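Novice: First the structure, which I've put down as structure tokens, then a few questions once you've had a look.
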Amino acid sequence: MKKIFQKSYIALLLLFCYAPIIYMIVFSFNDSRSLTKFAGFSLRWYNEVLNSNEMMKAIYYTFFIAIVATVVATIVGTITAIGLSKSKKIVRDIVLEVNNLPMLNPDIVTAISLMLLFITVLGSGSKLFGLVTMLLAHIMFCIPYVILSILPKLRQLDSNLAEAALDLGATPWQALMKVIVPQIIPGIISGALVAFTMSVDDFVISYFVTGNGVRNVSIQVYTMSKRVNPSINAISTLMIAIITIVLIIINVIPLLKERRLKSN
Amino acid sequence: MNSFSKMAKPYILWAAFFIVFPMLLVMFYAFTQTGGDVAKFSFTLKHFIKFFTEKAFLEVLFLSFRIALITTLLCIIIGYPMAYFISRQDEKIQTLLILLITIPMWINLLVRTYAWIGILQDTGLINTFLESIGLPKIKLIYTDFAVILGMVYNFLPFMVIQIYTSLSKMDKSLLQASEDLGATPFQTFRKVVFPLSIPGVIAGITLVFLPAISTFVIPQFLGGGQYVMLGTLVETQFLKAGEWHFGSAISTIMAVIIIASMYITKKLDKEAGER
């Protein structure tokens, strides 16, 4: 009896979590403008998305920015985390405290602070508003997450190993790439993953720092949402599909590697 | 080894320029006004005075607090049983359920919120259903209810995951000990399980309350154009009214609220840990 109650509570809440998403996916295939009456299956809204220069550009910008920001943030974050783990405690504490700010601050505060920065440094009419400012902003808010997911891994690391490598004649670079980095790979991967999703998901910061008509999907959806527009359902479903595929690939690759290692 | 510590230096410069300097700029704008001369700034507290004395702005502050508090409470009330029940399933099912809770968080908040518009609209799913069974329509969208629903929907997973984490880390032998010593299941829950899960609840509170008080997408989509919360107010000051100084002052107030609540929860967390 108790078990049944628990299971139905879990099922009900999961339904609550998924119902709106499923509803949206279903209506992205609707043949009419209506968001309530399903008039038959059609791909017309997908056609509209694929034929719209604006929406395709938004998808392109979203992933271009996410990939570049993730790569840069992961590299910088890894280097910084390793550096911090060997720094004096006081330096580390201060940097981590500052590093926490973008994560603690409401998005909107980070957003306007960056907007003010770019306007002060670049001037309000600068041509760099758009892709460049968005990239810088995304790199800025992604690095803290990377650092935070790598540092715990470094703490578990035996610091004697790197020293042993140096004593045995490895250059610092070799010690880094052959001893330290391989041991913190899980942290680097999860950091990169968080950075990537943060970037794809971001609306508020992008919305404030963009300019010259550059839009990612979030800004595009926000602009289109002013009136009923079923292509939002289609573009959202497309994004969900892409994210799901990325997630599956990321989860499957390590499994395949493991299997190959085992069979060898 | 010292050669490695140099690796943190570039980021220190970067953080100074992209994190610290922008925050200082916000504070600079918050405490200044542009005088008669162009580009001449003078110190002033008038933006803060304006915010705390004008009724319209105080109402925004109270509304934001009220909505964020209700959202947080609801997330605890709904999320705690969820986390507790999940933690009592078989281990493999637990992982699956947590994954299922996490997946929607990978989807853009904007998209997740937009999906609710179709459901709550006057001509939306719920009202169409009510009409078809002969019941009167109810006003759902552009109400407090819609905004709170949207927030609970978006932020509940944070709460569930935090509480679940603290529950699953719990030493199971404590439960057995309590049982062996004659406690009823309810007593075990009240005296053992719940106190040990408080850090999770506190972590969940910060993860729900902070975004709830500062979001501007959810009130805009589900509360309508007239529904102004703190985040919405900042957005209008910057992008519509062009009042950067006043907008910066509100942002500063928001940052202070956040830092204060972080400080309080940290303290609560410590006390819970000491008990």
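The values are calculated or read from the model by the stated rules, or taken from the named source; none is laboratory data. Quick caveat: nothing in here was measured; it's all calculated off a predicted structure. In this analysis, Cβ positions are derived from the backbone assuming ideal geometry, glycine residues included, and neighbour counts consider all displayed protein chains. These area figures cover heavy atoms from the full protein model, side chains too; ligands, DNA and RNA do not enter into them. Shrake-Rupley method; radii C 1.70, N 1.55, O 1.52, S 1.80 Å.
Novice: Pick from B:L73, B:L97: which is within 17 Å of B:V160 (Cα to Cα), open to solvent by less than 30 Å² (accessible area, probe 1.4 Å) and without any contact (Cβ under 8 Å) to a residue 12 or more places away in the chain?
Specialist: Details: B:L73 fails: open to solvent by less than 30 Å² (accessible area, probe 1.4 Å).
From the options B:L73, B:L97, the qualifying one is B:L97.
Novice: Which one is modelled with the highest pLDDT among residues in the stretch A:134-158 that are assigned to a helix (DSSP H, G or I) and exposed (fewer than 14 other Cβ atoms within 10 Å of the Cβ)? Step through it out loud before you land on a result.
Specialist: Start the filter on the stretch A:134-158 by keeping residues that are assigned to a helix (DSSP H, G or I), which leaves A:134-156.
Then keep just the ones that are exposed (fewer than 14 other Cβ atoms within 10 Å of the Cβ); that gives A:152, A:155-156.
On the way: A:P152: 88, A:R155: 85, A:Q156: 84.
If we take residues in the stretch A:134-158 being assigned to a helix (DSSP H, G or I) and exposed (fewer than 14 other Cβ atoms within 10 Å of the Cβ), then A:P152 is modelled with the highest pLDDT.
Novice: When you look at A:L128, is it without any contact (Cβ under 8 Å) to a residue 12 or more places away in the chain and either hydrophobic (A, V, I, L, M, F, W, C) or under 18 Å from B:A15 (Cα atoms) (or both), yes or no?
Specialist: Considered against the rule, which asks whether it is without any contact (Cβ under 8 Å) to a residue 12 or more places away in the chain and either hydrophobic (A, V, I, L, M, F, W, C) or under 18 Å from B:A15 (Cα atoms) (or both), A:L128 comes out as yes.
Table: residues versus (1) of a type in the set (S, T, Y); (2) within 25 Å of B:F43 (Cβ to Cβ); (3) open to solvent by 20 Å² or more (accessible area, probe 1.4 Å).
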position: B:F216; (1), (2), (3): no, no, no
position: B:P219; (1), (2), (3): no, no, no
position: B:G223; (1), (2), (3): no, no, no
position: B:Q226; (1), (2), (3): no, no, yes
position: B:E235; (1), (2), (3): no, no, no
position: B:F238; (1), (2), (3): no, yes, no
position: B:A241; (1), (2), (3): no, yes, yes
position: B:F246; (1), (2), (3): no, yes, no
position: B:K266; (1), (2), (3): no, no, yes
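Novice: On to the next question. Can you work out which of the residues in the stretch A:69-92 that are among the aliphatic types (A, V, I, L, M) and open to solvent by 20 Å² or more (accessible area, probe 1.4 Å) is farthest from B:K9 (Cα to Cα)?
Specialist: Here is the first cut: in the stretch A:69-92, the residues among the aliphatic types (A, V, I, L, M) are A:69, A:71-73, A:75-76, A:79, A:81-82, A:84, A:90-91.
Filter once more, so that each one left must be open to solvent by 20 Å² or more (accessible area, probe 1.4 Å): A:71-72, A:75-76, A:79, A:90-91.
Numbers: A:V71: 19, A:V72: 16, A:I75: 14, A:V76: 11, A:I79: 10, A:I90: 14, A:V91: 10 Å.
Looking at the filtered set, the residue picked out is A:V71.
Novice: Please tell me if A:G191 is within 26 Å of the chain's Cα centre (by Cα), under 30 Å from B:N154 (Cα atoms), more than 11 Å from chain B (Cβ to nearest Cβ) and in a helix (DSSP H, G or I).
Specialist: Details: within 26 Å of the chain's Cα centre (by Cα): yes; under 30 Å from B:N154 (Cα atoms): yes; more than 11 Å from chain B (Cβ to nearest Cβ): yes; in a helix (DSSP H, G or I): yes.
Considered against the rule, which asks whether it is within 26 Å of the chain's Cα centre (by Cα), under 30 Å from B:N154 (Cα atoms), more than 11 Å from chain B (Cβ to nearest Cβ) and in a helix (DSSP H, G or I), A:G191 comes out as yes.
Novice: Moving to a separate point now. Tally up the residues in the stretch A:162-185 that are aliphatic (A, V, I, L, M), part of a helix (DSSP H, G or I) and open to solvent by 80 Å² or more (accessible area, probe 1.4 Å), please.
Specialist: Kept after step one, since they are aliphatic (A, V, I, L, M), are these residues of the stretch A:162-185: A:162, A:164-166, A:168, A:170, A:175-177, A:179-181, A:184-185.
Applying the additional criterion that residues be part of a helix (DSSP H, G or I) yields A:162, A:164-166, A:175-177, A:179-181, A:184-185.
So of that shortlist, the ones also open to solvent by 80 Å² or more (accessible area, probe 1.4 Å) come out as A:177.
Within the stretch A:162-185, residues that are aliphatic (A, V, I, L, M), part of a helix (DSSP H, G or I) and open to solvent by 80 Å² or more (accessible area, probe 1.4 Å) number 1.
Novice: Mind telling me which of the residues B:S166, B:S173 ends up being at pLDDT 90 or above, more than 8 Å from chain A (Cβ to nearest Cβ) and either over 17 Å from the mean Cα position of the chain (by Cα) or closer than 22 Å to B:I67 by Cβ (or both)? First the steps, then the outcome.
Specialist: Details: B:S173 fails: at pLDDT 90 or above.
When all the criteria are applied, what remains is B:S166.
Novice: A further question on this structure: Within the bounds of the stretch B:22-33, is there any residue that is under 26 Å from A:I205 (Cα atoms), hydroxyl-bearing (S, T, Y), open to solvent by less than 80 Å² (accessible area, probe 1.4 Å) and modelled with pLDDT of 95 or more? Spell out the reasoning first.
Specialist: Of the residues in the stretch B:22-33, the ones under 26 Å from A:I205 (Cα atoms) are B:22-33.
If we keep only those that are hydroxyl-bearing (S, T, Y) as well, we get B:29, B:32.
Right, trim to open to solvent by less than 80 Å² (accessible area, probe 1.4 Å) and you get B:29, B:32.
Now restrict to residues that are modelled with pLDDT of 95 or more: none.
No, there is no match, as no residue in the stretch B:22-33 is under 26 Å from A:I205 (Cα atoms), hydroxyl-bearing (S, T, Y), open to solvent by less than 80 Å² (accessible area, probe 1.4 Å) and modelled with pLDDT of 95 or more.
Novice: A further question follows. Can you pull out every residue in the stretch A:40-60 that is surrounded by fewer than 12 Cβ atoms within 10 Å (Cβ to Cβ) and either among the charged types (D, E, K, R) or within 12 Å of A:N233 (Cβ to Cβ) (or both)? Quick ask: steps written out before the conclusion?
Specialist: Filtering the stretch A:40-60 down to residues surrounded by fewer than 12 Cβ atoms within 10 Å (Cβ to Cβ) leaves A:40-41, A:51, A:53.
Matches in the stretch A:40-60: none.
Novice: Would you call B:G182 within 12 Å of chain A (Cβ to nearest Cβ), surrounded by fewer than 20 Cβ atoms within 10 Å (Cβ to Cβ) and in a loop (DSSP other than H, G, I, E, B)? Break it down into steps so the answer makes sense when it comes.
Specialist: Details: within 12 Å of chain A (Cβ to nearest Cβ): no; surrounded by fewer than 20 Cβ atoms within 10 Å (Cβ to Cβ): yes; in a loop (DSSP other than H, G, I, E, B): yes.
When the stated conditions are applied, B:G182 does not pass them.
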